[in-house]
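Participant: What follows is a single structure, and I will ask about it in a moment.
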Amino acid sequence: MSRVWALHLGLLVALLAAGFLLPAYHATNLARIMVLAIFATGYNLAFGYTGLLSLGHAMFFAAGMYAAGLPAWHWGWGAAPGLVAGTLAGGAMAGLAGLLALRTAGVSFMIVTLMFAQAFALAILYFNGWTGGDEGFVIPDASRVLLGADLRQDLPRYVTAWGLFAAGLIAALALVGSRFGRVMVALRENEERARMLGIDPFAAKLRVLVISGLYAGAGGAAYALLFGYAGGSFAGIQYSILPMLYVLMGGAGTVLGGILGAGIMFYLTDLASTVTDAWLFLVGAALVVLVLFAPRGILGWVRARLWRDLP
Amino acid sequence: MSFGPFLLLALMEGLVTAAVLSLAAVGLSLVFGVMRVVNVAHGEFFMLGAVIAWFVAGLVPGPAWVGFLAALAIAPVLVGALAAAADGLILKRLNYDPEATIVATIGLLYMIQQAALTFYGPDARPVPAPFEWRIQLPWFGYSGYKLFVVAAAVAVLLAVWRLMTHTRAGLVMRATQVDREVARAFGIDVDRVYMGTFALGAALAAVAAVLVVPISQAHYLMGGDPLLLSFIVVIIGGLGSLRGTVIAALVIGLSDGVISMFFSPTLAKILATLLVAMVLVFRPQGLFGART
């Protein structure tokens, strides 16, 4: 087994152990971080590896959240079909948005994805009789049971978050190591050259965006089912910015960048909130500082200086 | 009220929206045209203009119009200065890389918004209109101040147009827009042009906000809608085209007024957002822009 797999599997084992060892408060935080990290890891596949800077990922996250939450609320679906439906909804939404948005590139792509996400967020508010609008809704307790485990309790919730994150991390690691993973990087580095090598950029980027959407959808569904709430604010622009921030912080184009960035930002905001309630300022300042002084993020720095083969 | 006057009212409301919108959008368009920077913090410059207007109106004694005029003079200068500082400290260091500047201006957006929340507070606060005067139409009375807003916006837009076409500063800006390297070769200080353009764009947003604040109210989250609508207007009008921007502001403002009056404001926004996404996908040069 290579050093790379040893590092990633070792980290997963350590995370699982942490769920049993940490006090409840930090275990819940860590569960939340892992769910957000699923979202961020998927975002990183599109942004970090393929160079698709989307400002609309909240739409895929919210699609997953509502595809899991609405059937639970209206028809009493359980958690397992909810997770499947949420993941697929995120992917389907990304496919639809990608079909149109990928006809553009660069700044236009950012604005088109932003606009789609904005329209989706407004649609959630518009159909508030059915979606709960801005106030959202609480997921019924009966639906928060996964294979007999009650997701309202700390340990099952932690293990579920860990299981989903682990699956996502391993899949991402396998993907970026595969032939298609190199196609993704080639598209980021030089799309024209990739085209000359016989790669269809549109099809490849669409595939990446759908995969990224599946991650976002799974993250959204898990967030709703594990923490028991779905609401319109999760579709807002802020939830498109957060994964970007996590990835920039942890390292764009690194498999572990998502969870590292999510963890650091989560605890930074948590620390800051004991001093002041101005946490948005922290988010803004972090974005500016990162883009000015550390555009490669922490693991990008590690890769440049210490470990060239870090995926 | 029957349908006709109702439509007239909707159109008049739409005209006011269009006037304010065209000012904010021309600021955004100018910055994009000359600097190729998409300024996501533009809505927050708008909000700052309104908040500063509230502070100034509270500090200046005397009748309402004195405070209003003071705000109209002070707010754009302060906001422009802040924008110039942001340009020198952040955007310039990023070499105006399009994607990095978007991320940086998102950061700026959050910082300004939080600063307003901390120092100004979460409440919406009114600023008194400089004059109370109602026009009595046969079917309804209408605020004369709103018509003043339209007139003032037209005046400012004419001034901007004149600046761009008939002054040396405008010539230098247009030269930089066409080719930054050649402009530099001709001895134009491109850094100063960029700083000035960014400040001017922000100041225009602030003017729009000072004009609108007696109608709506000053609130720390008020930057979101103008940002979204300005984006829509600038994109539909063709990025960087001033004439297209003004025409698009009229179209969007009027249709927004009519759709909001007869249907729902949320539906109007959904339709406009989807429209703009489609325009970018299928006609990236904008509906009124020429294909280059």
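Participant: Per Stokes-Einstein, at 10 °C and 1.306 mPa s, what whole-number D in µm² s⁻¹ belongs to the protein assembly as shown, with the Kirkwood radius over Cα pairs as the hydrodynamic radius?
Facilitator: Estimated diffusion coefficient is 63 µm²/s.
Participant: With the calculation restricted to Cα positions, what are the radius of gyration and Dmax of region A:167-269 in angstrom?
Facilitator: Just the Cα atoms of region A:167-269 yield Rg and Dmax of 15.7, 49 Å.
Participant: How much FRET efficiency would the formula 1/(1 + (r/R0)^6) give for A:L100 and B:E132, where r is the Cβ-Cβ distance and R0 is 56 Å, rounded to 0.05?
Facilitator: That pair, A:L100 with B:E132, gives E of 0.70.
Participant: Taking every pair of alpha-carbon atoms in region B:1-85, what share in percent sits in each 10 Å bin, from 0 to the bin with the longest distance?
Facilitator: 16, 33, 29, 18, 4, 0
Participant: As a check on your grasp of the helix formula, calculate [θ] at 222 nm for chain B: sum -39500 (n - 2.57) over DSSP H runs of n ≥ 4, divide by the residue count, round to the nearest 500.
Facilitator: Details: 11 runs with 213 residues, N = 292.
Helices in chain B give a 222 nm mean residue ellipticity of -25000 deg cm²/dmol.
Participant: Is region A:17-98 rounded, prolate or oblate when judged by the Cα gyration tensor, a ≥ b ≥ c being the square roots of its eigenvalues, rounded requiring a/c under 1.5 and prolate requiring a/b larger than b/c?
Facilitator: Cα axes put region A:17-98 in the oblate bin.
Participant: As a test of understanding, state the convex hull volume per residue of region A:123-195 from its alpha carbons, in Å³.
Facilitator: Once divided by residue count, the hull of region A:123-195 is 184 Å³.
Participant: Relative to the first principal axis of the alpha-carbon coordinates of chain B, what is the inclination of helix B:3-35, with its axis defined by its Cα atoms, in degrees from 0 to 90 and to the nearest 10?
Facilitator: Here the helix axis deviates by roughly 20 degrees.
Participant: List every DSSP H helix in chain A whose Cα atoms extend 15 Å or more along the helix's own long axis and whose mean Kyte-Doolittle hydropathy is at least -1.0.
Facilitator: A:3-21, A:24-44, A:57-75, A:79-101, A:106-126, A:154-177, A:179-189, A:201-227, A:238-250, A:257-275, A:279-293
Participant: Using the 10 angstrom Cβ neighbour count as an exposure proxy, how do B:T105, A:T269 rank, fewest first?
Facilitator: Values: B:T105 24, A:T269 14.
Final ranking by Cβ density, sparse to dense: A:T269, B:T105.
Participant: Rounded, prolate or oblate: which fits region B:64-189 when a ≥ b ≥ c are the square roots of the eigenvalues of the alpha-carbon gyration tensor, with rounded for a/c under 1.5 and prolate only if a/b beats b/c?
Facilitator: Verdict is oblate for region B:64-189.
Participant: Roughly how many debye, to the nearest 20, is the charge dipole of chain A about its Cα centre, given +1 on each Lys and Arg Cβ, -1 on each Asp and Glu Cβ, and no other charges?
Facilitator: That gives chain A a dipole magnitude of about 960 debye.
Participant: Where in region A:221-311 are there trypsin sites (Lys or Arg not before Pro) that are in a DSSP coil and have at most 11 other Cβ atoms within 10 angstrom of their Cβ?
Facilitator: A:R308
Participant: Roughly how big is chain B's charge dipole about its Cα centre, with Cβ charges of +1 (Lys, Arg) and -1 (Asp, Glu), in debye to the nearest 20?
Facilitator: Details: 16 positive and 13 negative charges, 107 e Å.
For chain B, the charge dipole is close to 520 debye.
Participant: Explain nothing, just compute: Karplus ³J(HN,Hα) = 6.51 cos²θ - 1.76 cosθ + 1.60, θ = phi - 60°, for every residue of region B:271-285 in order, whole Hz, x for Gly and Pro.
Facilitator: For region B:271-285, the Karplus curve yields 4, 5, 5, 5, 4, 5, 4, 5, 4, 4, 6, 9, 9, x, 7 Hz.
Participant: Provide, for q = 0.09, 0.11 Å⁻¹, the log10 of I(q)/I(0) from a solvent-free Debye sum over equal Cα point scatterers in chain B.
Facilitator: -0.43, -0.64
Participant: So, one more: Which distance in nm do the two modelled labels at A:A174 and A:L155 give, with both placed 7 Å along the Cα-to-Cβ direction?
Facilitator: Modelled inter-label distance: 3.0 nm.
Participant: Apply the a/c threshold of 1.5 to the C-alpha gyration tensor of region A:3-305 and tell me whether it is rounded, prolate or oblate.
Facilitator: Judged from the Cα gyration tensor, region A:3-305 comes out rounded (a/c under 1.5).
Read-outs throughout are calculated quantities, based only on the coordinates presented, and are distinct from any laboratory measurement. Because the structure is predicted, anything quoted here is derived from the model rather than measured. Cβ: placed from backbone, ideal geometry, glycine included. Neighbour counts: every protein chain shown.
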